[in-house]
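The values are calculated or read from the model by the stated rules, or taken from the named source; none is laboratory data. Bear in mind the structure is a predicted one, so any value in this text is a computation, not a measurement. FYI the Cβ positions are ideal-geometry reconstructions off the backbone, even for glycines, and counts take in every protein chain you see.
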Amino acid sequence: MNILWITWKDMGHPEAGGAEVVCYELCKRLARDGHQVTMLTTDYPGAKPQSNIDGVAVIRIGSSRYTHPFQALWYYIRHLRNKFDVVIEEVNGGAPYFTSWFGRKSPRYMLYHQLARINWLYEIPSPFSYLGYYVLVPLATRLASLAGAPLITVSESSKQELNRYGFNAATTNIISEGIQIDPLSQIATVTKYAQPTVLSHGSMRAMKRTIDQIKAFELAKKHIPNLQMKISGSSSGAYGKKVLDYIAHSPYKSDIEYLGRTTDEQKMELMQKCHAILVTSIEEGWGLIVTEANSQGTPAIVYDVAGLRDSVRHGETGLITAENPAGLADGIVSIFADQQAYLSMRQKGWEWSKQLTFDQSYKDFKQAVDLA
């Protein structure tokens, strides 16, 4: 089939994250199976207006996250409408493209990893943050649902939230997410750090709440005196500077190691050697970082929020805590208190990660769009 995939970012975008990994892996497999795939996405410095990535034709229009949806829709109407067998509209940040209102000849599907409504309050300056949270995202999502296109999402949490905005539960399909790294062949051979160590990994953004993790570490260290913390990820931006300043003034700064932005190899080594990973995002579609850590023999301690509560089975593959540093600290203390329970979580998380592959995600996706 001739498939159009509209999305905000491709894998080469400087701000690409887990959603872009999923998009890339699915599009690559579609092209591999003989489908003609065109991706309409945004431009960024150093990118070509048009290129080909693993058999996927990429068209880049507009460079601003605020104007790109309108520019992409206008380009679609002028050049691409009614030229494809299937249209996949991937929504990121709560901004639909509204292609479902134009060119209804082609079957089309809405793909949401998460609604991302609350992100506006953390990532966008006020008063625009309140405008987005209270008006723009709810209105845009409701209008998108009225077009009647079937919904594809990646977790039960995202499905329930989007159904509240009018998407039909009967035509909503959940696809699994996969990971790009291979699970360990066995976890018994992995040697952890000699001292109990928790990991914080990912770009330092307000929505990730890295400072909450450091506060939880400080509270837990009062109960676990030899507790250590490793932090990896980009600290560029205003929030990153706040994190580094907080570390510098922490009474336990000598026990906190900031490693900066790390390579994939370094990330895997950290996931293998640390005892637990802390994840405190305000919301996720699915916590890919959780599954990645599980695949390397490390359970996660996470906040009880959408996406993270889906990627962790509480008490079985990791721990879900109250959404505050004190709750997270209780989780840290708890996970080190029972060695047998900890070893069981490592084992079950690792076994579950082996089931979450992009081949399975692709199989789910094909069934959702009737390509199977």
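Being in contact with a Ser or Thr (Cβ under 9 Å, 6 or more places away or on another chain), surrounded by fewer than 20 Cβ atoms within 10 Å (Cβ to Cβ), more than 22 Å from VAL369 (Cα to Cα) and of a type in the set (D, E, K, R) holds for only one residue in ARG65, ARG60, ARG78, and it is ARG65.
Got a sec? Which strands (runs of 3 or more DSSP E) wholly within the stretch 109-222 have at least 1 residues that are in the same structural domain as SER235 (by TED's automatic domain parsing) and either aromatic (Phe, Trp, Tyr) or crowded, with 18+ Cβ neighbours inside 10 Å (or both)?
Details: elements: 151-153, 172-174, 197-201.
Because the criterion is at least 1 residues that are in the same structural domain as SER235 (by TED's automatic domain parsing) and either aromatic (Phe, Trp, Tyr) or crowded, with 18+ Cβ neighbours inside 10 Å (or both), the strands (runs of 3 or more DSSP E) in the stretch 109-222 that meet it are 197-201.
Looking at the stretch 223-246 only, could you name the residues that are part of a helix (DSSP H, G or I) and either in contact with a His (Cβ under 6 Å, 6 or more places away or on another chain) or within 17 Å of ALA329 (Cβ to Cβ) (or both)? Of everything in the stretch 223-246, just one residue is part of a helix (DSSP H, G or I) and either in contact with a His (Cβ under 6 Å, 6 or more places away or on another chain) or within 17 Å of ALA329 (Cβ to Cβ) (or both), namely TYR246.
When LEU219, LEU244 are checked against the criterion of being at pLDDT 95 or above, over 30 Å from GLN160 (Cβ atoms) and out of contact with any Ser or Thr (no Cβ under 6 Å at 6 or more places or on another chain), LEU219 stands alone in meeting it. Any residue at all in the stretch 235-257 that is of a type outside the set (Val, Ile, Thr) and touching a residue at least 60 places away in the same chain (Cβ under 8 Å)? Checked the stretch 235-257: no residue is of a type outside the set (Val, Ile, Thr) and touching a residue at least 60 places away in the same chain (Cβ under 8 Å). Restricting attention to the stretch 291-311, does a residue exist that is under 18 Å from ILE179 (Cβ atoms), basic (Lys, Arg) and either surrounded by fewer than 20 Cβ atoms within 10 Å (Cβ to Cβ) or at pLDDT 95 or above (or both)? No, that holds for no residue. Checking the stated criteria, PHE98 turns out to be surrounded by fewer than 19 Cβ atoms within 10 Å (Cβ to Cβ) and closer than 27 Å to SER155 by Cα. Of all the criteria given as (1) more than 24 Å from HIS223 (Cβ to Cβ); (2) in contact with a helix residue (DSSP H, G or I) (Cβ under 8 Å, 6 or more places away or on another chain); (3) part of a helix (DSSP H, G or I), the one not satisfied by ALA293 is (1). Taking the conditions exactly as written (closer than 23 Å to ASP182 by Cα, modelled with pLDDT of 95 or more, buried (at least 20 other Cβ atoms within 10 Å of the Cβ) and polar (S, T, N, Q)), does GLN272 satisfy them or not? No.
Count of the stretch 264-290 residues, restricted to those that are part of a loop (DSSP other than H, G, I, E, B) and over 18 Å from the mean Cα position of the chain (by Cα), is 2. For the stretch 14-24, the candidate set comprises residues that are buried (at least 17 other Cβ atoms within 10 Å of the Cβ) and either modelled with pLDDT of 90 or more or among the charged types (D, E, K, R) (or both); within that set, the residue that is nearest to SER236 (Cα to Cα) is GLU20.
Among the conditions (1) among the polar types (S, T, N, Q); (2) crowded, with 16+ Cβ neighbours inside 10 Å; (3) more than 25 Å from GLY240 (Cα to Cα), THR262 misses just one, which is (3).
All told, SER334 falls short of being buried (at least 21 other Cβ atoms within 10 Å of the Cβ) and either hydroxyl-bearing (Ser, Thr, Tyr) or in the same structural domain as ARG205 (by TED's automatic domain parsing) (or both). Check the stretch 52-62 and report whether any residue there is touching a residue at least 60 places away in the same chain (Cβ under 8 Å) and either over 23 Å from the mean Cα position of the chain (by Cα) or over 30 Å from SER281 (Cα atoms) (or both). Looking through the stretch 52-62, none of the residues is touching a residue at least 60 places away in the same chain (Cβ under 8 Å) and either over 23 Å from the mean Cα position of the chain (by Cα) or over 30 Å from SER281 (Cα atoms) (or both). When residues of the stretch 112-146 are filtered for being closer than 15 Å to GLU284 by Cα and of a type in the set (Gly, Ala, Ser), how many remain? The number of residues fulfilling the criteria is 1. Do the conditions hold for THR171, that is, is it under 19 Å from VAL87 (Cβ atoms) and either small (Gly, Ala, Ser) or without any contact (Cβ under 8 Å) to a residue 60 or more places away in the chain (or both)? Here the answer is yes, as THR171 does meet what is asked.
Listed by first and then second residue, the pairs linking a residue in the stretch 310-322 that is over 19 Å from GLU283 (Cβ atoms) to a residue that is of a type in the set (A, V, I, L, M, F, W, C) and surrounded by fewer than 21 Cβ atoms within 10 Å (Cβ to Cβ), with Cβ atoms under 7 Å apart and 6 or more places separating them unless they lie on different chains, are THR317/TRP352.
This table checks each residue for (1) on the phi < 0 side of the Ramachandran plot; (2) in contact with a Leu (Cβ under 6 Å, 6 or more places away or on another chain); (3) of a type outside the set (S, T, N, Q).
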| site | (1), (2), (3) |
| --- | --- |
| THR210 | yes, no, no |
| GLN213 | yes, yes, no |
| GLY233 | no, no, yes |
| LEU244 | yes, no, yes |
| ILE256 | yes, no, yes |
| ARG261 | yes, no, yes |
